[in-house]
Amino acid sequence: MSKKNNPITLDPFQAWCHRWGRVGTVIALVYMVALPFIVLSVYDCVPSMGEVFNVATFGILAIYIPVGFSEALSYTPLMGASSYLGFITGNIMNLKLPCAVNALKLTGKQPNTPEGDVVASIAVAASSIMTVAILTVAALLISFISPVFELPAVQTMSSYLLPALFGSMTLGLFASTSAGSKVVKGGMKGVIPVIILVSVITLAARLIGQGSIMLGMVGFVILVMLPISIITSRILWKKGKIVVVDKEEA
């Protein structure tokens with residue numbers, strides 16, 4: 001007797017987000033691709049195919065294509081339907097994702113639920129609007145504020161912004177055991193093999209003088225490490241080293 005697949009019914013809001021998210025993504029892609037060609041055509045400086053698709057181009061694609069796939073696989077489960085707006089506006093890792101995750105934590109909603117998608121979408125939209133507003137003000141006042149960025153103290157501070165941001169996010173991940181309606185005890189054990197493996201590969205690359213290659217291999221590393229962490233976590237869960245319980249029980 002054949003089993004019938006039960007169709008997945010989305011909440012009206014989620015269905016609306018996915019429908020218009022696809023439309024918005026297509027419009028954004030067409031705009032991003034068409035605008036350079038329009039500018040090049042106006043100034044009559046359209047390059048040949050050989051000039052566009054050269055060794056440097058394929059080197060850049062080898063970096064960004066895996067990064068794009070890895071971001072889609074790792075960000076979408078957390079951001080849900082707000083991923084469309086996040087990918088269109090960009091700056092996900094250090095702005096959109098933290099905003100969405102923090103909003104979900106503050107409201108106690110779970111990712112990829114109708115309520116969670118509403119909260120994440122509002123957070124991502126608010127961060128996008130705020131970014132545009134700040135950039136607009138900065139562009140209008142660039143002649144007044146540019147000397148500030150040339151100060152030695154500001155330049156020194158700028159070099160610590162991203163490490164401080166990613167460090168705080170990492171500490172938050174280590175400190176949190178919440179996973180929606182569940183609590184994961186010992187979940188970080190599944191990440192330890194990945195941390196060790198990446199550290200060994202990075203140190204080995206530095207020792208042989210190929211440390212810069214690792215920067216271009218970030219996307220490939222993420223794609224490889226995602227299944228490794230999932231498999232490791234599942235094995236540890238089967239062995240009872242990682243325990244998943246309901247929040248009420250915890």
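Couple of notes before you dig in:
- Taking the criterion of being within 22 Å of A81 (Cα to Cα) and among the β-branched types (V, I, T), the residues of the range 116-171 that qualify are V118, V119, I122, V124, I129, T131, V132.
- If the condition is being of a type in the set (V, I, T) and more than 22 Å from G90 (Cα to Cα), then the range 20-69 contributes I38, V39, V42, V46, V52, V55.
- Residue identified as part of a helix (DSSP H, G or I), open to solvent by 40 Å² or more (accessible area, probe 1.4 Å) and under 24 Å from A123 (Cβ atoms) among L85, L40, L35, L61: L85
Results for (1) within 30 Å of D246 (Cβ to Cβ); (2) aromatic (F, W, Y); (3) out of contact with any Leu (no Cβ under 9 Å at 6 or more places or on another chain); (4) open to solvent by 50 Å² or more (accessible area, probe 1.4 Å), shown as yes or no for each residue.
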| residue | (1), (2), (3), (4) |
| --- | --- |
| L78 | yes, no, no, yes |
| G90 | no, no, yes, no |
| V101 | yes, no, no, no |
| P114 | yes, no, no, no |
| D117 | yes, no, yes, no |
| A120 | yes, no, no, no |
| A126 | no, no, yes, yes |
| T136 | no, no, yes, yes |
| S143 | no, no, yes, yes |
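- Condition met for A28 (in contact with a Phe, Trp or Tyr (Cβ under 9 Å, 6 or more places away or on another chain), in a helix (DSSP H, G or I) and surrounded by 12 or more Cβ atoms within 10 Å (Cβ to Cβ)): yes
- Count - residues of the range 57-107 that are at pLDDT below 85 and closer than 21 Å to L10 by Cα: 5
- Residue in the range 150-162 that is part of a helix (DSSP H, G or I) and closer than 29 Å to I230 by Cβ present: yes
The values are calculated or read from the model by the stated rules, or taken from the named source; none is laboratory data. Predicted, not measured: the structure shown is a model, and the values here were computed from it. Neighbour counts are summed over all protein chains in view; Cβ atoms, including those assigned to glycine, are modelled from backbone coordinates with ideal geometry. Ligands, DNA and RNA are excluded from the accessible area calculation, which covers all protein heavy atoms including side chains. Shrake-Rupley method; radii C 1.70, N 1.55, O 1.52, S 1.80 Å.
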